[in-house]
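Everything on this sheet refers to the single structure shown next.
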Amino acid sequence: MSAADAARVVVAVPTRGRPRMLAALLASLDRLALEDGGPSVEIVVVDNDPAASAAPVCARYRGGGGRFPLTRLEEARPGVVHVRNTAAAWAFARADRVAWVDDDEEVTPGWLSALLAVERRFGADAVAGPVVARFEAPRSPWAGEGLLDSPRHRTGAQIRTARAGNLLLTRRGAERAGAPLFDPGLALSGGEDHELLARVLAGGGVVVWADEALVVETVPRSRQTLGWILGRFAHYGTVNAGLALTARPGALTRGGIAAEAVLVAAAGAARTLRGLPRGRAAVVRGLRQVAYGVGLVRGLAGARSASYRATDGG
């Protein structure tokens, strides 16, 4: 690794049909707090929208004095995996670190510095951070605080899975995972981030948590329904079951998934009952566990999710 590459980071943004949210993300990147002598930052936006909705947003950023160099690429094939692979190929041709963030998120000022500090301190191949939900107003009564937040860990904890919506990946980590970086078979279903990190770990890599590297996910009104929330957790179950079966096919894995489905659904049902006197959000916390268990069963039966066929939020 050259000194120049070590000091260069590409922020990679997959996008499809969310120009308003993309503009907010770019504005938040301009507010990053970077130390003097810190990394050189570039942004690559990969547009998966046939209508090229990101083009005017990127043009305004470049023409309006955006802080960082920005390149917009197009990826015609539908699916976030193809978008991520296009971004990764461009980014790793220029830098040894790629920081991933989604187009419906905004970064906090200390985000990138926290990811890089943890990577250096722990010698990590990848570093992940928390994604906290921010509900657009008027908030639905189903939208409880923390309901859609990612799990949290202590900084420096070694983890096995995380969301690519807040992930720093080093070249070394990418090499451990092998090519293609993201599995094209997961283009429309999702789960490509979990599958990638599983390969990083299988290659002897280390994935570490940076709890200070916070990003905020905007949750539009369209996602604040009971149906959407439960569908999202069912999707997680379906994807995770499919990934487990792909990694270790066989009766033992199938039995483990079935047992997990029963336990999770039963615990969720009990939690739902306990939550009845406490209001809708408490009930949803139980129901989402039930939905996850149902998703595990669907994945066990061979179902495939297709959650990336459409986007919302604008």
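Computed from the coordinates by the stated procedures, all read-outs in this text should not be read as laboratory data. Note that the coordinates shown come from a computational prediction; the quantities given were computed from them, not determined experimentally. Glycine also receives a Cβ, built like all others from the backbone with ideal geometry; neighbour counts cover every protein chain displayed.
Here are some notes:
- Listed values for the range 236-250 are Karplus-derived 3J(HN,Hα) couplings in whole Hz (6.51 cos²θ - 1.76 cosθ + 1.60, θ = phi - 60°), namely 4, x, 4, 5, 5, 5, x, 5, 5, 5, 5, 6, 9, x, x, and x replaces Gly and Pro.
- Of all DSSP beta bridges in the chain, antiparallel share, percent nearest 5: 35 percent
- For the range 139-179, the list of trypsin sites (Lys or Arg not before Pro) that fall in a loop by DSSP and count at most 11 other C-beta atoms within 10 angstrom reads R154, R160.
- If you wrap the Cα atoms of the range 225-300 in a convex hull and average its projected area over all directions, you get 4.4 nm².
- Over the Cα atoms of the chain, the radius of gyration divided by the Kirkwood radius equals 0.96; this is the Rg/Rh ratio.
- Sum of -39500 (n - 2.57) over DSSP H runs of 4+, divided by residues of the chain (222 nm, nearest 500): -14000 deg cm²/dmol
- Distance cut-off 16 Å, percentage of C-alpha pairs in the range 123-193 lying past it: 61 percent
- For D211, the residues whose modelled amide H falls within less than 5 Å of its own, excluding neighbours fewer than 5 places apart on the same chain, are T155, G156.
- Shown in residue order for the range 38-53 are the 3J(HN,Hα) couplings computed by the Karplus curve 6.51 cos²θ - 1.76 cosθ + 1.60 at θ = phi - 60°: x, x, 7, 10, 10, 10, 10, 10, 10, 8, 9, 9, x, 7, 6, 5 Hz (x for Gly and Pro).
- For the range 78-83, the Karplus equation 6.51 cos²θ - 1.76 cosθ + 1.60, evaluated at θ = phi - 60°, returns couplings of x, x, 5, 4, 4, 5 Hz by residue, with Gly and Pro reported as x.
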